[in-house]
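Only one structure is covered here, and it is reproduced in the block below.
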Amino acid sequence: MIFSKRTSPYVSGKQDVSSIMRQVLYALIPGTAVLIWYFGWGMLSNLVLAIVFAELLEWGMLTLRQRPVRPFLSDYSAVVTAWLLAVAMPAFSPWWLIAIAMIFAIVIAKHLYGGLGYNPFNPAMVGYAAVLVSYPVQMTIWPAPVDFSVVHIDLGQTLQHVFAGSAQGWDALSAATPLDAVKVSLSLNKPLSDIYATGQFGLLAGQAWEWVSLAWLLGGLWLLWQRIIGWQIPVALLGTLALMASVFWLIDAQAYASPLFHLFSGAAMLGAFFIATDPVSASTTPTGKLFYAGGIGLFTYIIRTWGGYPDAIAFSVIIMNMAVPLLDYYTQPRVYGTKRGLQG
Amino acid sequence: MIQTLHKLWRNHGGLHLDYHKEDSNAAPVRHLPMAEELIIPLQQHSGYKPTLTVKAGDYVYKGQEIASHTGFMKVPLHASTSGTITAIEERPIAHPSGLSDLCIILKPDGKDDWDNARMLAYPNPSQVDGEILRQRICAAGIVGMGGAVFPAAIKLNVHDNIPIETLVINGAECEPYITCDDRLMREKPVEILRGVQIMMHIIATQRCLIGIEDNKPEAIAAMQAAREELGDQRIEIIPIPTLYPSGSEKQLIKILTGKEVPSGGRPATIGIVCHNPATARAIYRAVVLGEPLIDRYLTITGKGVAQPCNVEVPLGTPIQHLIAHSGGYTPAAKRLAMGGPMMGISLHTDQIPVVKATNCILVSDIPESEQQPALPCIRCGRCAEACPANLLPQQLYWHSRARDFDKAEQYHLFDCIECGCCAYVCPSHIRLVDYYRFAKAEIRTQRDAKTKANIARERHDFHQERLERAKREKAEKLAKHKAQAQTTTDDGKKAAIQAALERAKAKKAEAAAQTTTGETTE
């Protein structure tokens, strides 16, 4: 009788990369559903285009790099990247904008660095940052959430806009995001109470947007509960952001937005639970994760408040990605039977 | 529910696994008919091979010494039954390399005759000097029976400068499937505890902690009852939470005492000695009954075997024989391993015999996940969460794979106990432990090569220096001789010349004086 010669262990756990990625996708559903509720076909078209481009590029790069296509295509990592980019980009983004973002994400940030597991930067955020700095106009035109608008955009109009360019009167439908509105108003020296009085704002942050953030939070908590992600990154990121916002808000509540506004605006929740938690580009030690995510929270507040962009999750994540090797090296846990600190 | 007042400490990491203990732990241990042929490998312990004391054709009695332990780190072997030594030759043994090694082949005569091969019994060991008992444990060929096979007598050889405060008995049996210690603790608790008392006498300690995972309530109850029976207050039976790998020596010591064995050190350096219940029982039998270690409890289990069970068999029994008496293989039998599914050694053939280390024969199928190729590491850190040594397996993997061994050592590669937790949880199905085994082996090879090179260089330098010194000394000696010879000859000549000159002068002076006198007198 011939027996297998493989070495121990002979048993393995149930989880694999694709099941982890699938659970991340499930957790993205509530937030995405709320976005679709408010932005209709525009968000759906983002999603479909991003996923199609991502899978095509992934397949193309795997083939060029002569890597096995099937195991890597079925790991869903490209779908997660595409999904995160699609929900971060303005609804009704033109096809070429999405394509460029996906090329930066999949080709440059992921495969040119060696593919899954080898990318030092978060691919979705590289793609996002690339199109944000290259096409600031297109990237900051968010349509007003449907609730606010009397005009309903159907599938045909969406396709025309996405593939053929702007239809007439399209600009009228756009509205500044809450973060943008606050930033612009503050730069005009208006007190925050005036801005809040415009009726665009709900209990926590911008109307519609606060619901999107709550839905991301819900999905994120589910990921925590399923132990797909650890507590360190979301807690440190949101904690630092809230702490910074609280300090300045307590100093001057008219010139600095409240911590709740910061937590429930822009990509804070999406970033804390879905983007910064990308294991490949994040710090890998428990303590390192706290510093890594704390740094993202800090930079996000700084750029949002004093920088040139209304939101800053993408830039903050990329900045902190660069610090990861250093963080990992200096935050090693104490090994059994040793004193704290590095050996040799 | 069994209550304990003993405080327990928590280790980092660990896993809850599918234990499959009930597959084999229900029925009492079985004794099988003697195999046709026993294969007794010479090397059954960590250390050096003992010296053969028999040759092919010899008749041996049960318990008779067949290889002796004179020398460092050697453990003797004894005939598991009476019969004839038919050959001493290379046979496949249970080793990860799959290579063969020297074995004594014994053909049983069926009489199972001890004759007078039993050693002198000490029915009352507490009256006997500890060192004599320790020598007996050595002579009985007892090694750690939990799998590490470290010579028990050496472990019990404690030095006066570090007093041993605690004896830890490792009844955790944390690996899935294995139940032989469970059965042993249920069936022979008094023998185990009497062995424990002997050990406590030898190492002069007043405290013994017996840790047993709480998934073995019957074993805990049996051990506690036996403790009551012996009335020994120094011994505590402590149920510990079931969590793999709590049965790893270092981890169990932390759980029971809160102390950590220093990296690279032995438990004795923190005043602890740790032994397995089967070792304790073997010590009892060696001391009180005078019987050497010639058989053991082991589990035959897994999906690939029809009737999983526990057996007590003579050492040297071929695995094939065990399987045949456990209902044979099932169609699921695709893998044969000695030990559990987390740390066992895979065997390529069932011709391999039971040795002192064999606690389990696991016949299993091959799960589907194993056929999948490994994906790249996504640095998710699940391995670090599971690691009982609190290592960063993802970093160790990275550096081992890159052959950056210095970095791997900086990340404490040698504190890895190869428990397999990291590989179990890895979502990319990377065979992490293999990378660590590889890196450790490479580093050891490099160290050996370096040591050898250093020795060779030192010898060469010394040789060179010696040659030069000899040359120098010779030259010096020669120069000295020459100089000496020269001075002596020179001096001689000079003196001779001087003497001649002086003689001439004196003559001249005499002549002159005569002339002058003559002239004046004339």
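Tabulated values for the structure
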read-out	value
Every residue from the stretch A:1-32 that is open to solvent by 50 Å² or more (accessible area, probe 1.4 Å) and more than 7 Å from chain B (Cβ to nearest Cβ)	A:I2, A:K14, A:R22, A:Y26, A:I29
Qualifying residue in the stretch A:64-85 (condition: away from every other protein chain (no Cβ under 14 Å) and open to solvent by 50 Å² or more (accessible area, probe 1.4 Å))	yes
Residues of the stretch A:275-294 classified as in a helix (DSSP H, G or I), open to solvent by 10 Å² or more (accessible area, probe 1.4 Å) and touching a helix residue (DSSP H, G or I) at 6+ places or on another chain (Cβ under 7 Å), total	5
Matching residues, the stretch A:59-107, being aromatic (F, W, Y), closer than 22 Å to A:D311 by Cα and modelled with pLDDT of 90 or more	A:W83, A:F104
Spans of strands (runs of 3 or more DSSP E) in the stretch B:303-396 with at least 1 residues open to solvent by 10 Å² or more (accessible area, probe 1.4 Å) and within 7 Å of another protein chain (Cβ to nearest Cβ)	B:345-347, B:360-364
Number of the condition not met by A:L35 [criteria: (1) open to solvent by 30 Å² or more (accessible area, probe 1.4 Å); (2) within 30 Å of A:Q226 (Cα to Cα); (3) hydrophobic (A, V, I, L, M, F, W, C)]	(1)
Any chance B:E291 is surrounded by fewer than 19 Cβ atoms within 10 Å (Cβ to Cβ) and either within 14 Å of another protein chain (Cβ to nearest Cβ) or of a type in the set (D, E, K, R) (or both)	no
Verdict on A:T331 being in contact (Cβ under 8 Å) with a residue 24 or more places away in the chain and open to solvent by less than 30 Å² (accessible area, probe 1.4 Å)	yes
Any chance B:A475 is part of a helix (DSSP H, G or I), within 14 Å of chain A (Cβ to nearest Cβ) and among the small types (G, A, S)	no
B:I300 being open to solvent by less than 10 Å² (accessible area, probe 1.4 Å) and within 24 Å of B:Y244 (Cβ to Cβ)	yes
The listed residue being in a helix (DSSP H, G or I), more than 25 Å from B:T358 (Cα to Cα) and of a type in the set (A, V, I, L, M, F, W, C), out of B:M185, B:M200	B:M200
B:I169 vs. criteria modelled with pLDDT of 90 or more and away from every other protein chain (no Cβ under 14 Å)	yes
Candidate set from the stretch A:104-122 (those that are more than 17 Å from the chain's Cα centre (by Cα) and of a type in the set (V, I, T)); member that is nearest to A:L155 (Cα to Cα)	A:V107
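Residues checked against (1) out of contact with any strand residue (DSSP E or B) (no Cβ under 7 Å at 6 or more places or on another chain); (2) open to solvent by 30 Å² or more (accessible area, probe 1.4 Å):
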| site | (1), (2) |
| --- | --- |
| B:D113 | yes, yes |
| B:R136 | yes, no |
| B:N157 | yes, yes |
| B:G171 | no, no |
| B:R207 | no, yes |
| B:E213 | no, no |
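The values are calculated or read from the model by the stated rules, or taken from the named source; none is laboratory data. Note that the structure is a prediction, hence the values are computed from the model and not measured. When we count neighbours, we look across all protein chains shown, and the Cβ atoms used for this are built from the backbone with ideal geometry, even at glycine. Only protein heavy atoms, including side chains, enter the accessible area calculation; ligands, DNA and RNA are left aside. Shrake-Rupley method; radii C 1.70, N 1.55, O 1.52, S 1.80 Å.
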